[in-house]
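Below: one structure, written as structure tokens.
The values are calculated or read from the model by the stated rules, or taken from the named source; none is laboratory data. Bear in mind the structure is a predicted one, so any value in this text is a computation, not a measurement. Neighbour counts are summed over all protein chains in view; Cβ atoms, including those assigned to glycine, are modelled from backbone coordinates with ideal geometry. Surface accessibility is based on the protein's heavy atoms, side chains included, excluding ligands, DNA and RNA. Shrake-Rupley method; radii C 1.70, N 1.55, O 1.52, S 1.80 Å.
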Amino acid sequence: MVPLNWYLMLSATVFMIGVFGFLTRKNIIIMFMSVELMLNGVNISLVAFSHYLQDLRGQILVFFIITVAAAEAAIGLAIIIALFRNKSTAHVDEMNEMKG
Amino acid sequence: MLAKLFFGYYAAVIILLSLLVVTRKNPVRSVMWMLLLFFHIASLYLFLNAEFIAAIQVIVYAGAILVLFLFVVLLLNLREELKVKRFIGSWPAGLFVSAAILAIVINVIRSFVLVAPPGRYSIEYIKEATHTKALGTILYTEYLFPFEIASLVLLIAIIGAIVLAKRKTRSH
Amino acid sequence: MNNYLLIPFLPLAAFLINILLGRNFLKEKAHWVSILAVAGSWVVAVMTLVDTMAGKTINQDLYSWIVSGNFKVSVGFLIDQLTVVMLIVVTTCSTLIHIYSVGYMHGDKGYYRFFAYLSLFTFCMLMLVMANNFLQLYFGWEGVGLCSYFLIGYYFDKKSASDAGKKAFIVNRFGDFGFGIGIFMIFLTFGTIYYEPVFAQAGGFANNTVNFLGYDVHLMTLIALLLFCGSVGKSAQMPLHVWLPDAMEGPTPVSALIHAATMVTAGVFLVARCSPIFSLSETALMVVALTGAITSLFAATIGLVQNDIKRIIAYSTISQLGYMFLACGVGAYSAGVFHLYTHAFFKALLFLCAGSVMHAMAGELNLQKMGGLKKYMPVTYLTMLLASLSIAGVPGFAGFFSKDEILWLAYSGPSPVGKLVWAIGTVVAFLTAFYSFRLIFLTFHGKFRGTHEQEHHLHESPKVMTIPLILLCVGAIASGWVGIPHLLGGGAHFTEFMKPVLGHPEGHGTHSEEWMVMAVSVIAGFSGIGLAALFYLVRTDIPVKLAAGLSGVHKLLFNKYYVDEFYSFLIVRPAIWTAKNILIGITDAKIIEAIVNGVPKAIGGFSQVIRKVQTGFLQHYATIMATGILIIIALMLLR
């Protein structure tokens, strides 16, 4: 039997890799993929908890997270398209309209 | 022992693939590695007796979301993309912060012990009722309202995506 | 039956319709909405009167207004005998004056606005009298004050009018301040501000004292006097009477409705309503009686020498209000309310007649420029004459019965100052008759003293104005017949009707004493009329000589005892000086300006520095956020 802690460590690792990608990559599409990675990391821990607690509600939560992730991907990519159309770039370091 | 070996394989591959996703220069490759990653995560879910979740992981993530990503990646000028640096200037800061948080969290998880009475959805119960049916029963009874709201969220996402991505026809 | 709710809410609806649609849609037809609404209220009020005469009273909460801890207030209605009398007075006068205004305000550019405010006033006044708790009373009280302000300053492009409006508002603040504290004291003492429990428990606190400003004060006296503060302001008693004569800057129908018949009597209503509290304090009652008596004497003497037709009637109003307080102060609440009720008719009538005269004289107010109007405006003359007979207390007219009842109860009642205020009241009766007929004789008799143009212009007012005059005249004559005393073979029905609310004052005197009091007041009235006739019809040289001979007294009276000048010296000028030199000069220029300018300067300088943090790069923000999370997690683990 694999201990729950292992799953949690895996989940944390995937999540933090996602964070790392989000914090460092230039390309906005990869940043977005990193966000999906973070969501997957969370899902792993939720499913693991659900299994070990013998409670299906964790999986219900995963179900909703996937729903939201799909919605987020649709909107986020639409925003990227609109952005790309205006700025002709997908690099976040070339966008600093908010500079004070 | 066999279970641990299997878990070890999946864990190692998932971490490796995650790293590949966030470090590849070519976005198309990132997407491809991510596809593989999602299949591995789906397999991990099967391990945890979550067949339905594994199925939608493949169908929704691998089938729908990643295809969307691929479409958008095609917009980019790949040749230009391969010439520039992949990380921003302050990448060591990002690395440090995420590594530090990871270290702390792993340290905490090591001493984590699950203390809770087991719920009513034991493996035997799920096997008898089948996983999809058990999940569906909860979803359509206890979580009916959130489920309806989720449908609204998707509707809004559809409308929002169309409005945002639509080319402005009126020019002035 | 809940149709009594229509009484206040019909005028409110009329106000809303007029204020929202009046300017663009209703325009010259604005009066229809208001008149129909107020007339509707009148009909319902009469139906309510019938119900109440059958012994049915209503005390009902309608809507929970404020709930905070054990402080609960509802919008609620109490309809008992006192309320119903006020309802009849308010709706009757209001309806007739609305109709009169159609003629009087014809062609005015703010026509819809005038009717909107008039309806709003009616609503507030009805809320005031129908309240079943002190807060709603206060709401109506301030509401009528606000409408009074609007309507005094109705001709706001005239400086004296807007000044008069402000003066009325500010002077009333003094009284309402005390009133407000009175309500707080009631809540503090009884834990509720509903009439019913307050009056029921009041007796239990009859001997309590309370520490107020460092003195041990008799609790009921304190509450009664604080409430009376509000009455003094609203009903223009000494020393807060100064606003009412100036309020005559408003249109005449407003003077008739607000500053004679209804709003100013709210103070009397308050004292009558709180009679269970006032009755527990002999001191408070004495203060009320003396204030009333002194005010009535004081205002009547001023009225003797004024030349402005509306101001004379205004001083007469103050004087008559003093009479009502005098009655309440000797414990004869029902007599006070009776006088309130008869006074509403003849005083509204006097004002409307004055308005009719002004209409004919193209706005002229000076008595010395009138004269001989009798033949030009017979209806106005006749109605005004009858109103004056009523106010002078000529037997048979409404004013006679109410005035006589007050004087008799003052004379025979248990109050320690009863005999004194009776004597003052009798003198005032004489003065009242004198100045009322001075007004009549100077206006309608003799030769016309104005210009030829004015004489050419003279005409009787249109029917829409004279018909309300005639109807009010019926009230001025007949309204007193419901209270004919036993002595004259009547049933004293009014007092009987009021008994459940206001109790029954018992006069201790013989029939011969009662005859004597009545005879004295009748003689006082007739001698006043006779003296006025002698001075202004027969020997017109006497007043001039008298004024010259007693020039000191005349000047004192003519300048209204210099009260305005005294206040100006004592309060207004120091306030203006403080505002100019200290508030504007130091506080505003040196302190507030410094803060107002200094703070943005400091913020501006600081933000110039701190804006460098905002790089505009998304990932810098994200990294800082992640660092924050790292620090929080680390702190939680280290603890």
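Among A:N27, A:N43, A:N86, the largest mean-square fluctuation in a Gaussian network model of chain A (Cα springs under 10 Å) belongs to A:N86.
If R0 is taken as 30 Å, the Cβ-Cβ distance between A:I65 and B:F71 corresponds to a FRET efficiency of 0.85.
Remark: accessible surface ordering of C:K447, B:K4 (largest first) is C:K447, B:K4, probe radius 1.4 Å.
Let's test the formula: R0 of 56 Å, r as the Cβ-Cβ distance of C:T283 and C:H452. What FRET efficiency results, to the nearest 0.05? Don't skip to the answer; put the middle values down first.
Values: r = 60 Å, r/R0 = 1.07.
The calculated FRET efficiency here is 0.40.
Using only side-chain charges placed at the Cβ, +1 for Lys and Arg and -1 for Asp and Glu, the dipole size of the protein assembly as shown relative to its Cα centre rounds to 3420 debye.
Residues considered: B:A64, B:A11, B:A103. Largest GNM mean-square fluctuation over chain B, using C-alpha springs under 10 Å, is found at B:A103.
At a 1.4 Å probe radius, carbon and sulfur cover how many percent of the accessible area of segment C:1-80?
Working: 3080 of 4540 Å².
Summing carbon and sulfur atoms, their accessible area is 68 percent of the total for segment C:1-80.
Both chains summed, the buried accessible area for C and B stands near 700 Å², from protein heavy atoms and a 1.4 Å probe.
With a 1.4 Å probe, how much accessible area is buried between chains A and B, both sides summed, in Å² to the nearest hundred?
Working: alone 7350 and 14420 Å², together 14720 Å².
About 7000 Å² of accessible surface is lost on pairing.
Considering helices alone, the calculated mean residue ellipticity of chain C at 222 nm is -22000 deg cm²/dmol, with DSSP H runs of length four and up weighted by -39500 (n - 2.57) and normalised per residue. Please give, to one decimal in nm, the separation of the simple spin-label points placed at C:F212 and B:E80, each 7 Å out from Cα toward the Cβ. Inter-label distance under the simple model: 8.5 nm. By accessible area, using a 1.4 Å probe on protein heavy atoms only, segment C:381-479 has 72% of its surface on carbon and sulfur. The trypsin sites (Lys or Arg not before Pro) of segment C:149-248 meeting both criteria, a DSSP state outside H, G, I, E and B (loop) and at most 14 other C-beta atoms within 10 angstrom of the site's C-beta, are C:K158. Residues of segment B:78-99 with an amide N closer than 12 Å to a point placed 7 Å from the Cα of C:L630 along the Cα-to-Cβ direction: B:91-99. In the complete set of protein chains, residue-level accessible area for C:M358 is approximately 30 Å², probe 1.4 angstrom.
In chain B, helices alone account for a calculated mean residue ellipticity at 222 nm of -23000 deg cm²/dmol, with every DSSP H run of four or more residues adding -39,500 (n - 2.57).
With both labels modelled 7 Å from their Cα along Cα-to-Cβ, the C:L36 to C:K499 distance reads 4.4 nm.
Here the simple spin-label model places points 7 Å from the Cα toward Cβ, and for A:N86 and C:E565 these points are separated by 7.5 nm. Using a 1.4 Å probe on the protein heavy atoms only, what accessible surface does B:V67 show? Give it in Å² to the nearest 10. B:V67 has an accessible surface of roughly 60 Å² with all protein chains in place. Solvent-accessible area of segment B:62-172 (1.4 angstrom probe, protein heavy atoms only): carbon and sulfur portion equals 68 percent. The 3J(HN,Hα) values that the Karplus relation (6.51, -1.76, 1.60; θ = phi - 60°) gives for segment C:132-147 are, in residue order, 10, 8, 6, 5, 5, 4, 5, 4, x, 4, 6, x, 5, x, 5, 5 Hz. Gly and Pro appear as x.
Let's test the formula: R0 of 56 Å, r as the Cβ-Cβ distance of B:I59 and C:I582. What FRET efficiency results, to the nearest 0.05? Mind dumping the intermediate values first?
Numbers: r = 79 Å, r/R0 = 1.41.
With R0 = 56 Å, the Cβ-Cβ based efficiency is 0.10.
Of the trypsin sites (Lys or Arg not before Pro) in segment B:85-172, the ones in a loop by DSSP (not H, G, I, E or B) with at most 14 other beta carbons within 10 Å are B:K85, B:R120, B:K166, B:R167, B:K168, B:R170.
Candidate cross-link partners of C:K375 among the lysines, defined by an alpha-carbon separation under 24 Å and a same-chain spacing of 8 or more, comprise C:K310, C:K347, C:K447, C:K463. Stretched out straight at 0.36 nm per residue, the stretch from C:V474 to C:A362 would grow longer than its current Cα-Cα span by 37.6 nm. With all protein chains kept in place, the per residue accessible area of chain C amounts to 41 square angstrom at a probe of 1.4 angstrom. Each residue of segment C:394-406 was assigned a 3J(HN,Hα) from its phi angle through the Karplus curve 6.51 cos²θ - 1.76 cosθ + 1.60 (θ = phi - 60°); the sequence is 6, x, x, 8, 4, x, 4, 5, 6, 5, 4, 5, 4 Hz, with glycine and proline shown as x.
Dipole magnitude for segment B:22-133: computed about the Cα centre from +1 point charges on Lys and Arg Cβ and -1 point charges on Asp and Glu Cβ, it is near 440 debye. What the phi angles of segment C:282-289 give under the Karplus curve with 6.51, -1.76 and 1.60, with θ = phi - 60°, is a coupling list of 5, 4, 4, 4, 5, 4, 4, 5 Hz, glycine and proline written as x.
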